[in-house]
Amino acid sequence: MIPSLPTTAATGTLAPQTVSSVRLLLEGGRALLDASVVPAKLPPLMLGEQVSAQVVDSKDNGQQLSVLIKNSLFNLIVPQGMTVSGNNLSLKVATLAPTLSFALQEQTSEAAQDGSVEVQLSPASKYLTGMLQTSKPGLPATDLSLDVAKQQPAETAQILKNNVSQSGLFYESHLKEWLDGRHNLSQVQQEPQSRLLSKLNEDLASHDSRSNTASASSLSPRTVAPELANLVQRQLDIVENQQLQLNGYAWPGQPMQLQIQQEHTNERTGSLGADEVGVWSTSLSLKLPALGGVAARVRLVGQNVQVSFVAEEDEASGLIQQHAEQLQTGMAAAGLTLANLVVKNGTVTQD
């Protein structure tokens, strides 16, 4: 079995005993770079895996590098006497424990004859790096605020649509649509980025009025609220995982998690030679006070719906099976066909 990277503490920093001193080791003639700081939510890494790293910041005369690996930010220690060249590095996972380290592969052709070039970082890269370093993974994200016990299905669907649209996860797309005249400015202004940046501008204006200066340099990544950095990290996660994960409340006091993704399959409609259909999968997980953990996965293939439930308690699975006909009738009223229903007992986990 290929070992995977162990879970680290929520701080995102490896324990002191796991961070070796700056060193120069060789793995087949290649230098090893130790990770001194890792993201709170680690991407999947396997021993011997080849990964690409984009250098976004350099400190201590190039002895500490901030790099993006699988859209996650790592700090790497460069051994004394070694110079890393280029903005894009080819790395191989050399060790997972007690220290996460990467073997530096052959340098790209952009390196100079002496094996080193100066790393030039764009202002955008520096800004993004600084902002991501302000993120606080422990901050909860509340994207959904529903009350399904009191709302009609159509009302719940509209509120769910509005919550997702205004979550800030599609902010840049909405800005482009607004520039093209296809999105309302007032709706864009309700998204978290607009509200956070408005507050930031107010703070800067207040500071400038007191100091009688209005320099653009006063806008520092460290002044940006951690919520904004968390949103950017979540956007990067969506691009990497091709999955939209939302957190919130199914009704007041009842937390829920919702994951939405489009599957890439070769499924087709029933008629011979028909075009491929879009397949969407939605997963919902709840911890109910009386019925325990319940998870549902709804898979939409054209107009056909496949539903599977996992319940921790026998009572919950029994109730689902008891009301299966009602579920089928409700889907038929919406023009959908319940093609498959599976109910089983098991453990429900929430990330």
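Summary table below
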read-out	value
Within the stretch 292-345, considering residues that are touching an Asp or Glu at 6+ places or on another chain (Cβ under 7 Å) and small (Gly, Ala, Ser), the one farthest from GLN262 (Cα to Cα)	GLY292
Failed item, numbered, when SER198 is tested on (1) at pLDDT 70 or above; (2) in contact with a helix residue (DSSP H, G or I) (Cβ under 9 Å, 6 or more places away or on another chain); (3) exposed (fewer than 13 other Cβ atoms within 10 Å of the Cβ)	(2)
Residues being surrounded by 13 or more Cβ atoms within 10 Å (Cβ to Cβ) and more than 28 Å from the chain's Cα centre (by Cα) - total across the stretch 302-317	5
Per-region count, the stretch 170-188, residues assigned to a loop (DSSP other than H, G, I, E, B) and loosely packed, with under 13 Cβ neighbours inside 10 Å	4
Elements of type strands (runs of 3 or more DSSP E) contained in the stretch 34-106, each with 2 or more residues being among the small types (Gly, Ala, Ser)	50-59, 88-95, 101-104
Where GLY138 falls short, out of the listed (1) at pLDDT below 85; (2) more than 30 Å from GLY253 (Cβ to Cβ)	(2)
Search result, residues across the stretch 318-329 that are loosely packed, with under 15 Cβ neighbours inside 10 Å and farther than 24 Å from GLN254 by Cα	GLU325, THR329
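Residue-by-condition table, conditions (1) touching a residue at least 60 places away in the same chain (Cβ under 8 Å); (2) basic (Lys, Arg):
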site: ALA35; (1), (2): yes, no
site: LYS59; (1), (2): no, yes
site: GLN63; (1), (2): no, no
site: ASN75; (1), (2): no, no
site: SER101; (1), (2): yes, no
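The values are calculated or read from the model by the stated rules, or taken from the named source; none is laboratory data. Keep in mind that what you see is a predicted model, and the values were worked out from it rather than measured. Backbone-built Cβ (ideal geometry, glycine too); neighbour counts: all protein chains shown.
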